[in-house]
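One structure is given below, encoded as structure tokens.
FYI, it's all coordinate maths here, none of it is from the lab. Everything numeric here is computed off the predicted structure, so don't read it as measured data. Ideal geometry is used to build each Cβ from the backbone, glycine not excepted, and the neighbour counts take in all protein chains shown.
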Amino acid sequence: MSRPVRVRFAPSPTGYLHVGGARTALFNYLFARHHGGTFVLRIEDTDRERSTQESVGAIFEGLRWLGLQWDEGPDVGGSHGPYFQSGRLPRYAEAARRLLAEGKAYRCFCAPEELKRRREAALGRGEPPKYDRTCLALPPGEADARAAKGEPHAIRYRMPDDGGTTWSDAVRGDVTFQNATLDDLVIFRADQHPTYNFAAVVDDSAMEITHVIRGDDHISNTPRQVLLYGALGLTPPIFGHVPMILGPDGARLSKRHGAQAVTEFRDVGYLSEALVNFLALLGWAYDGEREIFTMKELEKVFTLERVSKNPAIFNYEKLDWMNGEYFRALPLETRAELVAAHLRETNALPPEAYADRADLERAVAAVGDRMKRPQHFLDYAAYLFVTRVEPEPGPWAELQAKAGAAGRLRRFADLLDGGVAFEHDALDQAARALATDAGVKFGDLVMPARIALTGKKVSPGIFDVILLLGRERTVRRLRDMADRLESASPAAAP
């Protein structure tokens, strides 16, 4: 590349950092790192009514949690600041005056309510709701005089009447829009603030941005921006429009599909490394097979050439699988600390229940691959923290239907209470011998015991469960369940 790569992520601080914005930021970051370039953060806060400092903080928090540290921007500085658009207002006013002076833009005095009425009328006639250029017909002297008197007005860029605007998109190839379909867009509002398209062009040029990588929901903005670059005598950057993200139902990803703020994923137990890896694969693939990448590996292999044109599906099951891969790779003590942190934050258990870190680590190890996030721990380990197990309805009904289950539970309890060595292999051998003596399959002994000890049909290995519970609690639960089976009618609840 002839110029050093400079890319930007330019969110509007009107809410949290959502997953679509995070994916855009990630692609920009990876592209910059791959080419040894610069990743710029610019806050587009010219929407005075909706922009908040709280949203700015949420954007910073989300980006930093993901590990996307900007090279230039707020809190970091740089030679192309200020990095809040609200601090760059004089530049937009100057650029707008240039276009007015050169006859490429004109003042528009139409009131917002009148414009709304005309748009609705055009739609009623089945016509595109374009501005009808009422104010373009005003003599320049009259427009200047009305402006000098303080009459509120916007400034519009005059679009070409014919021809087309084409750019070579780094993802989609050559894209052309017919100029006749484009409206004379407002570039400067009556409140003396620029509109998005105009401010982005002025800023991207001033900040020497070489590539604009953004979602393809912006693709209709690009011909307008390309024309504005030309009108200002500026060279446009290379544009690359990445595919939108859809929910599992094929609709555009929205709040109804689940967590949207990046920090919500953090708060429900996802690891930042896993979410980064997952987001990278939403619309990009390395070789179609490999799926696990560290950030450093992504920086080496990420290219726009491998970004798809097709929408990406946000698959929560795949995210859970990927998070499980990262979670299980952590040291046991780290996994146990994350589980303890979750239990503390949610008050799911009293602190004394998991105060013994060695016991907690054994429980986490026993749950093993079933736990993809700390939130899953009690799904498989709640039985450790109750005085008496209450079986789930399905397992309880199945237990009642098994002839002789109560007797086998008593014999198993007697075996464990009789001094058999309390370690995995010895318990396994003794239980198998008991099943053989009773003339039943091993599973017909183990399944009733699993339900008696955990209340579920799915749990860690039965002998891991026994070792975690300890001899006394195990024996007590087996005998208690045998008593309950013998006293209950087939239709009774435990």
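Sort all Cα-Cα distances of the range 332-385 into consecutive 5 angstrom bins from zero, then give the percent of pairs in each bin up to the one containing the longest distance. Whole-percent P(r) values from 0 Å outward: 4, 22, 39, 28, 6, 0.
With the largest listed first and rounded to whole Å, the semi-axes of the equivalent ellipsoid of the range 393-487 from the Cα gyration tensor are 19, 14, 13. Cross-link partners for residue 402 among the lysines, with Cα-Cα distance under 16 Å and sequence neighbours closer than 8 places in the same chain left out: 441, 456, 457.
Residues of the range 1-17 with amide nitrogen under 19 Å from the 7 Å Cα-to-Cβ point of residue 79? 2-8, by backbone N distance to the label point.
Remark on the range 93-184: hydrodynamic radius 15.2 angstrom, per the Kirkwood mean of 1/r across alpha carbon pairs. A cysteine counts as unpartnered when no other cysteine's C-beta lies under 4.7 Å of its own; in the chain this applies to 110.
Of the peptides 340-347, 85-92, the ranking by mean beta-carbon count within 10 Å, highest at the top, reads 85-92, 340-347. With all pairs of different C-alpha atoms in the average, the Kirkwood value for the hydrodynamic radius of the chain is 27.5 Å.
Ordering 96, 77, 106 by the projection of their Cα atoms onto the charge dipole of the range 67-109, which places +1 on the Cβ of Lys and Arg and -1 on the Cβ of Asp and Glu, puts 106 at the extreme positive end.
Residues 475, 465, 420, ranked from the fewest to the most other C-beta atoms within 10 Å, line up as 420, 475, 465.
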